[in-house]
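Some notes on the structure that comes next.
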Amino acid sequence: MNIPAVIERTSEGIQRCEIQDVMLQRREIDCVGEINRESVNAIILQLRYLQSLDDAKEITIFVNSPGGSIDDGLALIDVMAALRCPIRTVCVGLAASMGALLFASGDKRDILPHGRVMIHDPLIAGGVGGSALKLDAVARNLMKARETIAQILSDRTGHTVEEVYEKTAADTYFDAQEALEWGLADRIIHEI
């Protein structure tokens, strides 16, 4: 991905900075693309750094993600909850699957007018094969993840776990207004 640069005039002359560095100074972080160990680690490092600078000032995470790893996403959700800084999440584009959970886990959750949120039950990645015992272990682990995800969504939306299960049984998409009405977002914004 080609990251844009910003040219700044300073007392030392002209400097070229990556735009992500400038946005980090504004306490803004991007969660874009697949949720995986590498992307989550980068976000966690930025969150911890910003908290070390000011543990009371809000941090904004812009979410545009198709989802990804459950374990890595849950690690980020745990860190977001453990920080003293308030976390604002903003849905730009699509927050799907684990991206939806990250978006819904913000202390303040804003969505742009054309933003969409998609929730569903966890999926098995790749082909599954092996002994009956292995398949049983995979199924039990998947059901445990389903329970964890449903509880997080229940806590964040005010819906019962059973109501969450009804929505996550299949891919369920919410436009901005529907996300607001279902408790996945707090407000629709027209300015960032």
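The values are calculated or read from the model by the stated rules, or taken from the named source; none is laboratory data. Given the structure is predicted, the values throughout are model-derived calculations rather than measurements. Glycine also receives a Cβ, built like all others from the backbone with ideal geometry; neighbour counts cover every protein chain displayed. Heavy atoms of the whole protein, side chains included, go into the accessibility calculation; ligands, DNA and RNA do not. Shrake-Rupley method; radii C 1.70, N 1.55, O 1.52, S 1.80 Å.
With Ala150, Ala185 as the choices, which residue is open to solvent by less than 30 Å² (accessible area, probe 1.4 Å), without any contact (Cβ under 8 Å) to a residue 24 or more places away in the chain, hydrophobic (A, V, I, L, M, F, W, C) and under 16 Å from Leu102 (Cα atoms)? Walk me through it before giving the result.
Details: Ala185 fails: without any contact (Cβ under 8 Å) to a residue 24 or more places away in the chain.
Result of the check over Ala150, Ala185: Ala150.
Yes/no per residue for (1) among the aliphatic types (A, V, I, L, M); (2) surrounded by 11 or more Cβ atoms within 10 Å (Cβ to Cβ); (3) in a helix (DSSP H, G or I):
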residue	(1), (2), (3)
Cys17	no, yes, no
Val22	yes, yes, yes
Val32	yes, yes, no
Val40	yes, yes, yes
Ile44	yes, yes, yes
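I'm checking my understanding of the structure. Among residues of the range 46-82 that are loosely packed, with under 14 Cβ neighbours inside 10 Å and among the hydrophobic types (A, V, I, L, M, F, W, C), which one is farthest from Leu184 (Cα to Cα)? Filtering the range 46-82 for residues that are loosely packed, with under 14 Cβ neighbours inside 10 Å and among the hydrophobic types (A, V, I, L, M, F, W, C), the one farthest from Leu184 (Cα to Cα) comes out as Leu53.
For Glu38, are the conditions met, namely being free of Cβ contacts under 8 Å to residues at least 24 places away in the same chain and among the charged types (D, E, K, R)? Walk me through it before giving the result.
On the way: free of Cβ contacts under 8 Å to residues at least 24 places away in the same chain: yes; among the charged types (D, E, K, R): yes.
Against the criterion (free of Cβ contacts under 8 Å to residues at least 24 places away in the same chain and among the charged types (D, E, K, R)), Glu38 qualifies.
Among the residues making up the range 159-180, those that are closer than 14 Å to Ala104 by Cβ and not hydrophobic (A, V, I, L, M, F, W, C) are His159, Lys167, Thr168, Thr172, Glu178. Looking only at residues of the range 154-175 that are out of contact with any Leu (no Cβ under 7 Å at 6 or more places or on another chain) and hydrophobic (A, V, I, L, M, F, W, C), we find that the one that is least open to solvent (accessible area, probe 1.4 Å) is Val161. Hey, Gly106 hits all of (1) outside any loop (DSSP other than H, G, I, E, B); (2) open to solvent by less than 30 Å² (accessible area, probe 1.4 Å); (3) within 21 Å of Thr168 (Cβ to Cβ) but one; which does it fall short on? The single condition Gly106 does not satisfy is (1).
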